Amino acid sequence: MRTYKEADIIASVRDALQFIACYHPVDFIRHLTAAYEAEGPGPARDAMAQLLLNSRMSALDKRPMCQDTGTVNVFLKVGIGARIEASRGLQEIVDEAVRQAYTAPDNPLRASVVSDPLFLRPNTRDNTPSVVHTEIVAGDLIDITVAAKGGGSENKAKFAVLNPADSVADWVVETVATLGAGWCPPGVLGIGVGGTSEKAMLLAKESLMDPLDMSDLRRRGPADKTEALRLEILDRVNALGIGAQGLGGATTVLDVKIRTFPTHAASMPVALIPNCAANRHMHFTLDGMGPAHFDPPDLRDWPAAIAASASGAMTKVNLDTLTRADVALWKPGQRLLLTGKLLTGRDAAHRRMAEMMKRGEALPVSLENRMIYYVGPVDPVRGEAVGPAGPTTANRMDRYTDVMLSQTGLIGMIGKAERGEDTRALIAKYGAVYLIGVGGAGYLISKAIKAARVLAFPDLGMEAIHEFEVEEMPVIVAIDATGSSIHDTGPRAFREARAKAPSLTP
């Protein structure tokens, strides 16, 4: 029998959460680098370059790679012979580790968890509680897998009960085609098949913790039907041409993971959970000899020569003199460098502004001829103007677009992923634009933010309205003033080019 101290479990999980916030798994970096090198010139390749550069910068500076530092998922396999010296349960022990990790003064992580999911939705301020899965297993060791799952990818989880004769591959490909880019590809697909509804979802989530081995699998060929299915799904999903950030390209997924479990003869439950480009997880084992220790990865695994900026022409934009006539000239796919004052606001701020306008109240800040950035930044440290500050999924703000464009004078919005058809029509109606940043490159983007102050709704924490002073912040025109969207034109152009030149197949 081995004895484990509560403090050692807390320290291990705490340090693991800090580690995965700043360091990508090396296998992910190797697969992303290979995808970057194989991608043709264009926005998707530039997006992957930003992701790789962002990852290296985060590793060097020990700051979160993405501002959405996720909901904590912890998988505990506790040996039946293990004895834990503790005065509280495993949920409380893990939550204490989360609390310490997310409120660490030298590297605070963003608290995203709200305690009441239905009504007031107040932020817990320390990212607790976590989601803990515990299994009693043979032996006397404690096996721990820690993950931090971002909201953009978690929101794209899907489940279906197929007929036993249905094709899992067909369902996955058809489903991914509907997900859009809000889950921040390129990433990994986790697929769970069998068991019951909740078991299939758990299998899919657990599969995302498996090491990436798609490059090895393709090189040696499949050894069984499951591996053949993984290859089939990967190739068919990538043939959709969604590409990095939905911009159109050869790589949408880097790997496909599948776990199965026996199921009822009449059923085939299937779950799909994508993992974003942040891909935060790690596994370790405790043996009762103290807390786990984690060595930083060798940065030689990161490509050091990645260009710091996108290739091709970049249009410099002065936000402080911007007019509706200026934005009318921009086209989908055009690369911009923004300089000047930029407002921020996301779900809670938009809801509050909409309620104020409905009551006929004046807004606390003028949006006339301004742009608003959908972001919830991490708190700054060590002289930073702001912590990691990448874009959030924009279509959550679609419900507010009409009132914002029709009543405030707003001329532009910045987020990530596509907008709905109605929102595109509104953008065209009011002659506005929608720009995107690279989701998952929050630390890199933060370097373009030179100053930040809260202008309104300070009680909303990271969702308060800030004013950023930015200098050459890189963005891409996603929807122009006519309503044309790169999330349509980019993937379509890739598919058409691929059809004409089959050698482009990855």
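Cβ-Cβ distances below 9 Å connect the following pairs, each with a first residue in region 474-500 that is among the charged types (D, E, K, R), a second residue that is part of a helix (DSSP H, G or I) and surrounded by fewer than 23 Cβ atoms within 10 Å (Cβ to Cβ), and a separation of six or more residues or different chains: ASP480/VAL327; ASP480/ALA428; ARG498/LEU504. Condition first: assigned to a helix (DSSP H, G or I), under 16 Å from the mean Cα position of the chain (by Cα) and among the hydroxyl-bearing types (Ser, Thr, Tyr). Can you find one or more residues in region 152-159 that meet it? Yes, region 152-159 has at least one match.
The condition of being in contact with an Asp or Glu (Cβ under 7 Å, 6 or more places away or on another chain), closer than 30 Å to MET65 by Cα and crowded, with 18+ Cβ neighbours inside 10 Å holds for MET214. Would you confirm, using the coordinates I've provided, whether GLY415 is out of contact with any Lys or Arg (no Cβ under 7 Å at 6 or more places or on another chain), without any contact (Cβ under 8 Å) to a residue 60 or more places away in the chain, surrounded by fewer than 20 Cβ atoms within 10 Å (Cβ to Cβ) and not acidic (Asp, Glu)? So GLY415 does not fit the description; no.
When region 157-178 is filtered for residues that are out of contact with any Ser or Thr (no Cβ under 9 Å at 6 or more places or on another chain) and crowded, with 22+ Cβ neighbours inside 10 Å, only VAL172 remains. Among the candidates GLY376, GLY387, the residue that is in the same structural domain as LYS447 (by TED's automatic domain parsing), touching a residue at least 24 places away in the same chain (Cβ under 8 Å) and in contact with a strand residue (DSSP E or B) (Cβ under 9 Å, 6 or more places away or on another chain) is uniquely GLY376.
Tell me the strands (runs of 3 or more DSSP E) entirely within region 1-119 that contain at least 3 residues that are in the same structural domain as VAL137 (by TED's automatic domain parsing) and under 30 Å from GLY415 (Cβ atoms).
Values: elements: 2-5, 71-79, 82-85.
Strands (runs of 3 or more DSSP E) meeting the threshold: 71-79.
Of the helices (runs of 4 or more DSSP H) lying entirely inside region 175-270, those carrying at least 3 residues that are β-branched (Val, Ile, Thr) are 225-238. Out of all the residues in region 330-340, is one or more surrounded by fewer than 21 Cβ atoms within 10 Å (Cβ to Cβ), in a loop (DSSP other than H, G, I, E, B), of a type outside the set (Asp, Glu) and free of Cβ contacts under 8 Å to residues at least 40 places away in the same chain? No; the residues of region 330-340 include none that is surrounded by fewer than 21 Cβ atoms within 10 Å (Cβ to Cβ), in a loop (DSSP other than H, G, I, E, B), of a type outside the set (Asp, Glu) and free of Cβ contacts under 8 Å to residues at least 40 places away in the same chain.
The values are calculated or read from the model by the stated rules, or taken from the named source; none is laboratory data. It should be emphasised that the depicted structure is a prediction, and the values quoted were computed from it without experimental measurement. As a convention, Cβ positions derive from the backbone with ideal geometry for all residues, glycine included, and neighbour counts pool all protein chains shown.
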